[in-house]
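Here the structure comes first, spelled out in structure tokens, and everything after it is commentary.
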Amino acid sequence: FTITDNDAAPIAAFSGNFLIGVNNTTVTSQSPFRSNLQKFRIQSLYTAAELQAAGILTASSLTSMTMRITVKNSTQAYNGFTISLANTGAGNLSTGFISPAFTQVYTGNYSSVVGDNVFTFSTPFAWDGTSNVLVNICFDNAPAAADVSADVTEATSAPLGAGIRATTYSSSVV
């Protein structure tokens, strides 16, 4: 009877804020803060390469995310603003929404602000260190009327191809 040692060297615990992308443009129609719609859902895909380039080099527990608003047009809270994350092997969202096993990390009524909007997760997300991370965001303000314009959000242009955040797929939810 032989037991082979398969221990991996320990990885030192770390924490920090990691900037993903270069924030070289702004978006309105692909902003998660589409206050000009009563209901909205958006998915964005962040590749393992993007996370690693930002400094998250191994499997990690993600505990918050920040989205920066440059122009606030919303006049009411986003009801049931929910963020869910999933590890996925999907390389893009060209076929529309995908449905891996999500972990809901944040939910609540949220009033956006100009500048950093920090979402501290109620449940940390376990990134496996190799998969891409799918972010699913939605809210439902019905039956309240939609605002005239959406909040404008800072973004990265074309990280995975032509267009603004080519891996984003969104639609109003009916």
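The values are calculated or read from the model by the stated rules, or taken from the named source; none is laboratory data. Keep in mind the model is a prediction, meaning the values are calculated, not measured. Note: ideal-geometry Cβ built from the backbone for every residue, glycine included; neighbour counts use all protein chains shown. Accessible surface is based on the protein model in full, side chains and every heavy atom, while ligands, DNA and RNA are left aside. Shrake-Rupley method; radii C 1.70, N 1.55, O 1.52, S 1.80 Å.
From the residues in the stretch 70-93 that are hydroxyl-bearing (S, T, Y) and in contact with a strand residue (DSSP E or B) (Cβ under 8 Å, 6 or more places away or on another chain), which one is most open to solvent (accessible area, probe 1.4 Å)? Let's see the steps before the verdict.
Quick first cut of the stretch 70-93, residues hydroxyl-bearing (S, T, Y) only: 70, 74-75, 78, 82, 84, 88.
Checking the rest, the ones that are also in contact with a strand residue (DSSP E or B) (Cβ under 8 Å, 6 or more places away or on another chain) come to 70, 78, 82, 84, 88.
Numbers: T70: 58, Y78: 0, T82: 19, S84: 13, T88: 18 Å².
Looking at residues that are hydroxyl-bearing (S, T, Y) and in contact with a strand residue (DSSP E or B) (Cβ under 8 Å, 6 or more places away or on another chain), I get T70.
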**the stretch 118-141 - residue that is under 20 Å from S29 (Cβ atoms) and within 12 Å of the chain's Cα centre (by Cα) and, of those, surrounded by the most Cβ atoms within 10 Å (Cβ to Cβ)** = I137
**Prompt:** T28: polar (S, T, N, Q) and open to solvent by 30 Å² or more (accessible area, probe 1.4 Å), yes or no?
**Reply:** yes
**Asked** Among the numbered criteria (1) out of contact with any Asp or Glu (no Cβ under 9 Å at 6 or more places or on another chain); (2) outside any loop (DSSP other than H, G, I, E, B); (3) under 25 Å from A144 (Cα atoms), which single criterion is violated by N79?
**Response** (1)
**Fill in**
Counting only residues that are in contact (Cβ under 8 Å) with a residue 24 or more places away in the chain and outside any strand (DSSP E or B), the stretch 95-116 contains a total of 9
**Message:** If I filter the stretch 47-69 down to residues being open to solvent by 60 Å² or more (accessible area, probe 1.4 Å) and in a strand (DSSP E or B), which single residue comes out as farthest from V152 (Cα to Cα)?
**Reply:** S61
**Asked** Just a yes or no: is a residue in the stretch 30-37 modelled with pLDDT of 75 or more, in a loop (DSSP other than H, G, I, E, B) and either in contact with a Phe, Trp or Tyr (Cβ under 6 Å, 6 or more places away or on another chain) or among the basic types (K, R) (or both)?
**Response** yes
**Asked** Which residue pairs have Cβ atoms closer than 6 Å, lie 6 or more positions apart in sequence or on different chains, and pair a first residue in the stretch 128-153 that is farther than 26 Å from N87 by Cβ with a second residue that is among the hydrophobic types (A, V, I, L, M, F, W, C) and not in a loop (DSSP other than H, G, I, E, B)?
**Response** D151/I69; V152/V71
**Request:** Give me the pairs, please: first residue somewhere in the stretch 41-52 and among the aromatic types (F, W, Y), second residue anywhere and open to solvent by less than 60 Å² (accessible area, probe 1.4 Å), beta-carbon distance under 7 Å, and either six or more positions apart or on two chains.
**Result:** Y46/I20; Y46/N132; Y46/V133; Y46/V135
**Asked** Right, R68: touching a residue at least 24 places away in the same chain (Cβ under 8 Å), touching a Phe, Trp or Tyr at 6+ places or on another chain (Cβ under 9 Å) and under 18 Å from A150 (Cα atoms) or not?
**Response** no
